[in-house]
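Taking it in order: structure first as structure tokens, then the write-up.
The values are calculated or read from the model by the stated rules, or taken from the named source; none is laboratory data. It should be emphasised that the depicted structure is a prediction, and the values quoted were computed from it without experimental measurement. So basically every Cβ, Gly included, is an ideal-geometry build from the backbone, and we count neighbours across all protein chains shown. Areas reflect the complete protein model, heavy atoms only, side chains present, ligands, DNA and RNA absent. Shrake-Rupley method; radii C 1.70, N 1.55, O 1.52, S 1.80 Å.
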2 protein chains.
Amino acid sequence: MGKIRNAERTQKNILEAARNEFFNKGFKGARIESIAENAGVKKQLIYHYYKGKKELYEAVLANLATSGPEWATRVPDNPQHIAEHRYNVNSKERADFIKFTAWQALESQADQTSWNKSGELALQSYVAYWKEQKDKGVLPPDLEPELLALAITALTTYPIIFSDIAKIFTGSDESDPEFQRRWSEFLTNLSGHIIKN
Amino acid sequence: MGKIRNAERTQKNILEAARNEFFNKGFKGARIESIAENAGVKKQLIYHYYKGKKELYEAVLANLATSGPEWATRVPDNPQHIAEHRYNVNSKERADFIKFTAWQALESQADQTSWNKSGELALQSYVAYWKEQKDKGVLPPDLEPELLALAITALTTYPIIFSDIAKIFTGSDESDPEFQRRWSEFLTNLSGHIIKN
DNA sequence: AGTGTAATTTTACAAAAGTTAAATTATACT
DNA sequence: AGTATAATTTAACTTTTGTAAAATTACACT
């Protein structure tokens, strides 16, 4: 049986499989062979398209920056609906992405490599937003906007990364819509105690 | 030069080096050789004391449960001073431990292994505490105590794990006492908006 | 001093994972 | 049909890492 050749699709498959692998296992944990399997190719073929594991990894990042979903590079500017906004779209893909940032954080600390700065700007613009809010008097004066931005980021990502812990606390899976509803509501209520409007 | 032999100390060295390695690089990322180096022994010696990597890992966990610091197994029950309490003691060691929990979370998700449940009880007692608080009317009725416990855990650990992100937001290192003061104060102020007393 | 035992080193190996190079096969173009 | 080029497979190699077994050395005890 002659396999139909299609370089473009093969590359796409590889890239997609690679993203999945890196997102779920980090850089070190990712296996070229596993990527190849999931892409439906021999692992050696990957070296025809990329110099090596590192380059493949960077290709995934680059691809994410261009053709990836907006939430990967931009941070929501919407005041009240932070929680909803974050949970609305594409839950599964976003969750994987969040986990990936966790891998990056841990691995970069482990081997001193400073991690990729593509997300930096997005985060800073996020801070800028909360500064505005404070100037408008929406925020209480005793809460620094930088720290609030950090807190919100923590609250919206933590349950995804630590789904086991979230489960111990709440009894239900993070992926469970019921949990997402509760958590979303909780965050909304929480901000209700802080933000005046 | 004849090396002075001291099995007890050697074992302690190995265990300590192992803890460091596992805490900073996770299970997979940890290298027996690196552990051996830091313990000042040949790596093969490790196999004289432990059957293999896995057993060494478990020894580290067991050791932590017994001779480890209390914060590794217990969660603070103190109402107002959550933030302070957590930052007061042994910052560096605790930070490593927190990172370790992050490794556990990611690695266990990556290869389907359910992670060690030693911490589970501690977390549940934490929830129990907040339930009490709610019953006493200290907490607003729209905030579920389980979720609050989760939120607090997130807020107190996130900056440690994601020190890079914390730095982008705030400009200063998580390990910097100045950051710790600000963050601690922030959390205190935040809880001031929520907890009535 | 002599001997058994435990600690440590030396030597060696096996499996896993990444990578390279050569051989094949499909496809587009003439 | 013939050929160049790119896609894919086959075969082979290197490095890294974990592990096992044998050889040595120190120490305690008689």
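Some notes on this structure:
- Residue check, residue B:53 within 7 Å of DNA strand D (Cβ to nearest atom) and surrounded by fewer than 20 Cβ atoms within 10 Å (Cβ to Cβ): yes
- Look at (1) closer than 23 Å to residue B:189 by Cβ; (2) within 10 Å of another protein chain (Cβ to nearest Cβ) and you find that residue A:162 fails only one, number (1).
- Close contacts from the range A:99-120, counting a first residue that is farther than 17 Å from residue B:159 by Cα and a second that is part of a loop (DSSP other than H, G, I, E, B) and modelled with pLDDT under 95, with Cβ to Cβ under 8 Å and a gap of 6+ residues or different chains, come to A:118/A:73.
- Filtering A:113, A:101 for residues that are within 16 Å of DNA strand C (Cβ to nearest atom) and either assigned by TED's automatic domain parsing to the domain that holds residue A:184 or at pLDDT below 95 (or both) leaves a single hit, A:113.
- Number of positions in the range B:1-33 that are within 9 Å of DNA strand D (Cβ to nearest atom), over 20 Å from the mean Cα position of the chain (by Cα) and at pLDDT 95 or above: 3
Table: residues versus (1) open to solvent by 50 Å² or more (accessible area, probe 1.4 Å); (2) more than 14 Å from DNA strand C (Cβ to nearest atom).
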position: B:32; (1), (2): no, no
position: B:35; (1), (2): no, no
position: B:38; (1), (2): yes, no
position: B:67; (1), (2): yes, yes
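- For the range A:158-185, filtering for residues that are in contact (Cβ under 8 Å) with a residue 24 or more places away in the chain and open to solvent by less than 10 Å² (accessible area, probe 1.4 Å) leaves 4.
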